[in-house]
Amino acid sequence: MSNRLVLPAPGGPYPVGTRAFPLLAPGRADPWQAGRRRELMVQVWYPAAARTEDAPAARYLTPSVAAHVLRMWAEEGEEFGPEVEEALAGVRVHAVDGAPVASGPPVGSGLLVASGPPWPLVLFSPGLGEYRAGLTALAEDLASRGYVVASVDHPGDAAAVEFPDGRLVPHREPEGGAAGELETHYLPTRVADLQFVLDRLLAPGSPWHGLLDPARIGVAGHSLGGAAAAELARVDAQLDAQLDARGDARIGSRIGSRIDARLGARLGAVAVLDGSLYGQVLTTGLDLPVLLCGLTPTDPADPDILAGWDRLWPLLRGPRRHTTVPGAGHMSATDFDALAEPLGLRDPNDPADPADPAAPANPADPADVDPADVDPDDVDPDDVFTFGTLPSGHGIASVRAVLAAFFSEHLLDDRPSQPQPQPRPKGAGQVTSGSTPGAEPR
C-alpha cells in the first residue's frame, strides 16, 4: 500500500475543479443535534479552465473522516491500521481545488458535452452511512463533460462529516430500519437538505449564481440517496405547481426565499442508483425523465432488495428507463468499487479478479471476464452483494456511461435529436435497458 491509490480518470474533455464549503440553514433545527441549526458540507465539481502541470489535485478525505468511513466497513472486532486510514485519506483524485471555472469548451470537445456557462447542475446524494466524496469518480466524470455536480454530506446519517473548524459529526444508526426512522426521519431530512442546497446555489447572492442554468437541473442518488432524489423530484414538482398557480406573497411567506431562488428553475431529470424507494412518490409518481439503474444482484431470499421499484415504474409518466448492470454490486457506483480491493476490503480471491489463478484465460485482459462465467458459489456472498463479480473499477465505468447518456439526453442543449448508443466500457458489465411504456422493470 506504499503506492498512492488513484481513482479512475474522468472521460470528458474538460479539466475538473472542485470546492467544498459549509452551508448553514439558520431556519432549520438539526434533528440529530439538540440545540444546533442544520449545517451541511457540500462539495462541488465543475468544468475548469486549462489545468497547469504543477496544479495539485484536491484532497480526497481528512484523516478523521477516513477513519470513520473505515469503521463503517469493519466487521465485529475488526480494526484497520493507520496505514489503511492514510491510504484512504490520501487517494489521488483528478480535480484541482479552487481551479477557475471554464468559460467555454476546450478545443475538439465534440458532441454530448455542455458548451459553456451557464452549466447544467446535477445534485448528488450518497447512500446511508456513506460520504459526499464517495461519489467522486462519478462526479469528476460528469464535470469533465460539462456539468456542475454538487454532492451533499448529510450530517447524522453520513459516515462522518467534518467542518472547516474541525467539528466532526459521526454516523447515527437509524432505529427501526425502513419501518422506522429511515423513512420517517432520515428521508425527509435528506430531501430538505437537497432543497436547501439547491436554493442556496441558485440564489442571487451565491457565487454560483449565473454559472448554473436553472432550467437544466438533475438529481442523482445512490441507495438511500436514490430514494431522496426521487422524493425531491416529487416535492419540487409540487412546489412548481403551487408557484405556477399562485405565485403570490402568501406562498412566499410559507416557503421563504424559494420563490426568488426558484422561479424558472425546474428539475429536468432524476437518476436512482440502486437501493429501495420510500416516500409519497410511490403514490404520486413523477412526470419528469427518470432513470432506475439496478446494480444489486437479484436475491430470491430477500424480496425487499430494490423495494418500491415495481410500484413506481407504472407511475412514471415522463420518459423512463430501467437499466441493469450484470455483474455489478450495490457499491459499484461508488469509489469503493475501485478502492476496496487495494485497501483489503474486498476478497482478492474473487474469481472475477484477473490476478486470481481461478480467473478465466488471458488474465492480462480483464475485459474478457464475463460475469456469467463466474460461479457465485465460489465467491464470498458479501462481496457479490457489495461489489458483484466485475473486476475492480469496472462497475464505475458502467455507471459513468449510464449517467452520461441519461443526463446528456435530458439536460444538454447540444444533445443529438435521438439518443446515441454509448460504447461499452472495456471490461465493464454489459448494460441492459428497457423503456417500453407499460413494461415493468426487470
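Considering region 16-36, the residues that are charged (D, E, K, R) and not in a strand (DSSP E or B) include one that is surrounded by the most Cβ atoms within 10 Å (Cβ to Cβ), namely D30.
Could you look through region 128-142, keep only residues that are open to solvent by 10 Å² or more (accessible area, probe 1.4 Å) and out of contact with any His (no Cβ under 8 Å at 6 or more places or on another chain), and pick out the one that is nearest to G12 (Cα to Cα)? Looking at the filtered set, the residue picked out is R132.
With respect to the conditions (1) within 20 Å of the chain's Cα centre (by Cα); (2) surrounded by 15 or more Cβ atoms within 10 Å (Cβ to Cβ); (3) modelled with pLDDT of 90 or more, R92 falls short on a single one, namely (2). Cβ separations smaller than 8 Å between residues 6+ apart or across chains give the following pairs from region 59-72 residues that are without any contact (Cβ under 8 Å) to a residue 40 or more places away in the chain to residues that are charged (D, E, K, R) and open to solvent by 80 Å² or more (accessible area, probe 1.4 Å): R59/D97; P63/E86; A66/E86.
To keep it simple, each residue is scored yes or no on (1) polar (S, T, N, Q); (2) open to solvent by less than 50 Å² (accessible area, probe 1.4 Å); (3) at pLDDT below 90.
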residue: L5; (1), (2), (3): no, yes, no
residue: P10; (1), (2), (3): no, yes, no
residue: Y14; (1), (2), (3): no, yes, no
residue: R38; (1), (2), (3): no, yes, no
residue: A50; (1), (2), (3): no, no, yes
residue: S64; (1), (2), (3): yes, no, no
residue: E83; (1), (2), (3): no, no, no
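Exactly one residue among T283, T298 is modelled with pLDDT of 95 or more, among the β-branched types (V, I, T) and more than 18 Å from A404 (Cα to Cα), and that residue is T283. Taken together, the residues in region 3-28 that are without any contact (Cβ under 8 Å) to a residue 40 or more places away in the chain and over 18 Å from V152 (Cβ atoms) amount to 1.
The values are calculated or read from the model by the stated rules, or taken from the named source; none is laboratory data. Quick caveat, the model's predicted, so the values are computed rather than measured. Neighbour counts run over all protein chains shown; Cβ positions are idealised from the backbone, glycine included. Keep in mind that these areas ignore ligands, DNA and RNA; they rest on the heavy atoms of the full protein, side chains included. Shrake-Rupley method; radii C 1.70, N 1.55, O 1.52, S 1.80 Å.
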